[in-house]
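The values are calculated or read from the model by the stated rules, or taken from the named source; none is laboratory data. Keep in mind that this is a model prediction, so the values were computed, not measured. Don't worry about glycine lacking a Cβ; one is built from the backbone with ideal geometry, like all the others, and counts go over all protein chains shown.
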C-alpha cells in the first residue's frame, strides 16, 4: 500500500459527459501528479501541483483540468468526454525535493 | 526532450532463470532513474532507483546500475520467480522544479513454473 488513495476505482460514462477523479496523497507529501495510461500512448504525464499551485503541465487536453485543495487532496476534471479518453488515470505524490513518486491504484475510466 | 527506451516484450522465462530488461535514456542534465513494477490490476510500485552516475539501486533481488557513459539503466535479477510476473517500467526525471516522470513503454514479464 503506497498511502495514495484514489476514487472511484472504476467509472463508466457516456461521450460528452463530465467526470471528476479524486486523489489523496501520502501524508506529508505536498506534490501531486496526474498520469494517463493507455495502450497506444503508454504512461503520459498530465499535470503537477505543489502545495495548491500548478507547477507543470504535460500532455493535458484543454477539456481536462485539475486542482489541489488546502487539505492537499487533488481532483482531475474531465469534460466533453470522448471514446479516446478511456484509460487508466493514476495519481502520484512525492515529497518536494525528492525524485521518487508513489502511485495510487488508479481510476479506470470507460467512455461508451 | 527527455525519453526512455526499453526493450519490448513480452519476455517469457522459466522460474530461476536470469532476467535482463534493457533501458536507455535521453535527458538533459543529470536525471534520476527508476524502475517501477505494475502487477495485474494494480498501480505502479517503485522497485528501485538511482540518483547519480555509478549508483546501484537494488530491491527484492533486482538490481540496476546508473551508467552515464552508455546512458543506460538495465534491470537484472539472478533468479526470477513466478511472483515476479508483471509489467516493468523504466523512468526518469530531470529534476529542477518539475519532477515529472518520463516512462518507457513497459516490458511484460511472464515467469512460468
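Details
- Of all the numbered requirements in (1) touching a residue at least 40 places away in the same chain (Cβ under 8 Å); (2) in a strand (DSSP E or B), residue B:30 misses one, and that requirement is (2).
- Condition check for residue A:76: surrounded by 19 or more Cβ atoms within 10 Å (Cβ to Cβ), more than 14 Å from chain B (Cβ to nearest Cβ) and touching a residue at least 60 places away in the same chain (Cβ under 8 Å): no
- Count - residues of the range A:93-112 that are in a strand (DSSP E or B) and either in contact with a helix residue (DSSP H, G or I) (Cβ under 9 Å, 6 or more places away or on another chain) or more than 8 Å from chain B (Cβ to nearest Cβ) (or both): 6
- Qualifying residue in the range A:8-27 (condition: within 11 Å of chain B (Cβ to nearest Cβ), touching a residue at least 40 places away in the same chain (Cβ under 8 Å) and within 25 Å of residue B:47 (Cβ to Cβ)): yes
- Remark: residue B:111 matches the filter, which requires a residue to be closer than 24 Å to residue A:88 by Cβ, touching a helix residue (DSSP H, G or I) at 6+ places or on another chain (Cβ under 7 Å), surrounded by 14 or more Cβ atoms within 10 Å (Cβ to Cβ) and at pLDDT 95 or above.
- Candidates in the range A:79-112 are the residues that are surrounded by fewer than 20 Cβ atoms within 10 Å (Cβ to Cβ) and at positive phi; of these, the one that is modelled with the highest pLDDT is A:80.
- Number of the exception - residue B:37 against (1) within 14 Å of another protein chain (Cβ to nearest Cβ); (2) within 21 Å of residue A:35 (Cβ to Cβ); (3) crowded, with 16+ Cβ neighbours inside 10 Å; (4) out of contact with any helix residue (DSSP H, G or I) (no Cβ under 9 Å at 6 or more places or on another chain): (4)
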